[in-house]
Each structure stands twice: as structure tokens, then as C-alpha cells.
Amino acid sequence: AQVVRILADARVRESGDRFVSDWVHLSRLDAMVRDPDLFPDWDPAIGVAMAVETRTFFEQLLFDRNQPVRELFRAQFTFVSPELATYYGLGTPDPATGEVDVSAVPERGGILTHGSVLTIGGNESSMVSRGLFMLDTFLCGTISSPPDGVDTTPPGLEPGKSQRFYSEQRVANDACTGCHSIMEPVSWGLERFLADGRYYETDHFGNALQEDGFVQVPGVEATEYDNVEELGEILASAEGVQSCFAQKNLQFAL
């Protein structure tokens, strides 16, 4: 009875808004900049609109539509301003609510395809940064510092190579795979989204971008996926993801 009473209180929505802002670090979007040579269409106002998208999506999904947490990763709708809809290449949003149906847009659907998440990783869309974010935020996984004596010097950059090229090198390296096979492949499904949150099939060098990978959590057999939609399904159905969401809520409340 007390839970029902509390959930009916308008202050729960305010608390939920603060939670999701902390959960996916939305404050970093307030004045985010991008390399104008790589992303000439970026505007800090786009970053602010991305934060609003995620906050509205969270409130609508969990409070207004009373959907389970798993739908965060596979809902076939979002809420965007007309400017953000154009930026993403989506249809015209509902003028009253901002809702857009993305069921016919295979690369969009769920929080993983929000610009608020896709802007993690800097101008280069670092798979290490994205992977660590996803591991901590959605799986409550942790990565220890490399043990003493391990050479952590990154390999020299080869002009024209993709981020996936370097990521696969780290995952295959015997000294690195123990950690990098856990934190990086979960982000491979986002490779076709560059640091501006838009969808591309090639990078700035002309490399074809991939979207397959696998999710590897300690103690759990690796699960492969072919695209971001399948990645969302894996996270939506994973008991560990639901437990992690509960844990994050508890941390926030305490």
C-alpha cells in the first residue's frame, strides 16, 4: 500500500528524472562540443535535445505506460524535437507529444540508440569508453586495473584503420583479453553510430562499419549478436541487467 501511495506522488517523477540523469550522465550534454572538421553539423543545442529525449522516454515508458524495465532496450518509439528528428533522419514527431514511431527504422529503438548514449567516447567513439560505460551502467560489471608488469602501451596508430580494428587487436591480445573481451565487444553493436549520434555505414576513412559482436559477462557464457537490435534484445532479457537497474536505483536512493 505504501509503494502504491508513493508511486502516485508527483515527486516520484521528479526523482525519476534525477535518477535517469545521473544513471546515464546526461549533464555532460549541457555544453558538449564535437570536432567541427569531423562533425560540421553538430550544435551544442543538439546535445541538450538528446538529453531531453532520454529523460522524456524514461518518464513516458516507466510512468505513463507502466512498461517493464526491459523495454528500455527495445521500445519502438522515442520522443524528439523536430530539430532532433531531422538530425537523426526520422519522420516528423507528433506535434503534441514529440513521439516518433521507429518500428520501421531498424537502426533505432531503445535507449542504446539515443544520442545521449552514443556520444560517449569522445570524437573517436572510443570502444573502450563506450564499453566501460555500458558494462558499469547496464550490467554493474567492474574492471580492475591492469596487474603490475602488464604493458598497457596502446599499439601505434595505422592511418585509415577503424576503431573496430584496434578493438579486435586488444581483445585478441593475450595480455589484454581478460578485461577487454568483457568491456569492448558489448559496444561493437554501436559502431555504426559515430560520436555525433548519427548512423553511418562507413567511417571518415571509408571503412565499412560493422554491428556484430558478443556480450561477455564474468561467469556467463558469451552471447553473440548481429546488430544493435539483437544487442538490445540480449540486454532486455538478461536477468543481470534487471538486477543492475534495481541496484542503481538503490544506490541513488541511499
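Would you confirm whether or not region 52-64 contains a residue that is loosely packed, with under 15 Cβ neighbours inside 10 Å and within 29 Å of LEU139 (Cβ to Cβ)?
Yes, the conditions are met somewhere in region 52-64.
I need the helices (runs of 4 or more DSSP H) fully contained in region 105-176, keeping only those with at least 2 residues that are over 25 Å from PHE245 (Cβ atoms).
In region 105-176, 163-172 are the helices (runs of 4 or more DSSP H) which contain 2 or more residues that are over 25 Å from PHE245 (Cβ atoms).
Which one of these does ASN66 not meet: (1) farther than 26 Å from THR202 by Cβ; (2) under 19 Å from the mean Cα position of the chain (by Cα); (3) outside any helix (DSSP H, G or I)?
Tallying (1) farther than 26 Å from THR202 by Cβ; (2) under 19 Å from the mean Cα position of the chain (by Cα); (3) outside any helix (DSSP H, G or I), ASN66 fails exactly one: (2).
Restricting to region 160-187, name every residue that is open to solvent by 70 Å² or more (accessible area, probe 1.4 Å) and either closer than 16 Å to PHE214 by Cβ or at pLDDT below 80 (or both).
GLU168, ALA172 - these are the residues of region 160-187 that are open to solvent by 70 Å² or more (accessible area, probe 1.4 Å) and either closer than 16 Å to PHE214 by Cβ or at pLDDT below 80 (or both).
In region 5-51, which residue that is basic (Lys, Arg) and over 24 Å from GLU83 (Cα atoms) is most open to solvent (accessible area, probe 1.4 Å)?
Ranking the qualifying residues of region 5-51, first place goes to ARG11.
Conditions (1) part of a helix (DSSP H, G or I); (2) at pLDDT 95 or above, marked per residue:
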| site | (1), (2) |
| --- | --- |
| ARG5 | yes, no |
| PHE19 | yes, yes |
| ARG28 | yes, yes |
| ALA31 | no, no |
| TYR87 | yes, yes |
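Can you pull out the residues in region 184-230 that are among the acidic types (Asp, Glu), within 14 Å of the chain's Cα centre (by Cα) and not in a helix (DSSP H, G or I)?
GLU184, GLU191, ASP196, GLU211
Of the conditions (1) of a type outside the set (Phe, Trp, Tyr); (2) closer than 28 Å to MET32 by Cβ; (3) in contact with a Gly (Cβ under 9 Å, 6 or more places away or on another chain); (4) open to solvent by 70 Å² or more (accessible area, probe 1.4 Å), HIS204 clears all except one; give me its number.
(3)
Could you please find all residues in region 65-79 being open to solvent by 60 Å² or more (accessible area, probe 1.4 Å) and either of a type outside the set (S, T, N, Q) or farther than 21 Å from THR137 by Cα (or both)?
Within region 65-79, ARG65, ASN66, ARG70, ARG74, GLN76 qualify.
The values are calculated or read from the model by the stated rules, or taken from the named source; none is laboratory data. Keep in mind that what you see is a predicted model, and the values were worked out from it rather than measured. Positions of Cβ are generated from backbone atoms using ideal geometry, with glycine treated the same way; all protein chains shown enter the neighbour counts. Just the protein is used for accessible areas: all its heavy atoms, side chains included, with ligands, DNA and RNA removed. Shrake-Rupley method; radii C 1.70, N 1.55, O 1.52, S 1.80 Å.
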